[in-house]
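What follows is a short report on a single structure.
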Amino acid sequence: MYIGDSPLEDIEGAKTVGMKTVFVLSQFNALEDLDGLKQQPDIIAEHLQEVVENFNRIITAKTEQQFL
């Protein structure tokens, strides 16, 4: 699993090598920045704390996109 806030470098890069991805919104990137990506993240979280609190759910989630 790869967690990141950069749509191109983190999400597309990790998806290209077959990893499950979590996109975390940040001051640098928002949901709109996902538009036009070839590969979308598996999970979208507003805060990194959500990833920590839902870690077990994330690693067992199906590959369809989910919001935490």
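Each value in this text was obtained by applying a stated rule to the coordinates, not by laboratory testing. Just so you know, these numbers come straight off a predicted model, no measurement behind them. A quick note on method: Cβ atoms are made from the backbone with ideal geometry, for glycine too, and the neighbour counts reach across all protein chains shown.
If packing is taken as the mean number of other Cβ atoms within 10 Å per residue, what is the order of 39-45, 1-7, 50-56, highest first?
Numbers: 39-45: 20.1, 1-7: 17.9, 50-56: 13.7.
The densest-packed peptide leads the list: 39-45, 1-7, 50-56.
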Using θ = phi - 60° and Karplus 6.51 cos²θ - 1.76 cosθ + 1.60, couplings along region 40-54 (whole Hz; Gly, Pro as x): 8, x, 6, 10, 10, 10, 6, 9, 4, 4, 4, 5, 4, 5, 10
Added length on full extension, which subtracts the Cα-Cα distance from 0.36 nm per residue, Val17 to Tyr2: 4.3 nm
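With +1 on each Lys and Arg Cβ and -1 on each Asp and Glu Cβ, how big is the dipole of the chain about its Cα centre, in debye rounded to the nearest 20? Show your work: numbers first, answer last.
Numbers: 5 positive and 12 negative charges, 74 e Å.
Dipole size: approximately 360 debye.
Mind giving me the FRET efficiency for Glu9 and Asn56? R0 is 35 Å, r the Cβ-Cβ distance, nearest 0.05 is fine.
0.85
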Collect residues whose amide H, placed 1.01 Å from N in the peptide plane, falls under 5 Å from the amide H of Val24; neighbours closer than 5 in sequence don't count. Gly4, Asp5, Ala45
In Å, what Kirkwood hydrodynamic radius results for the chain from the alpha-carbon pair distances? 11.7
For the chain, calculate the relative contact order in percent as a whole number, restricting contacts to Cα pairs under 8 Å that are 6 or more residues apart. 29
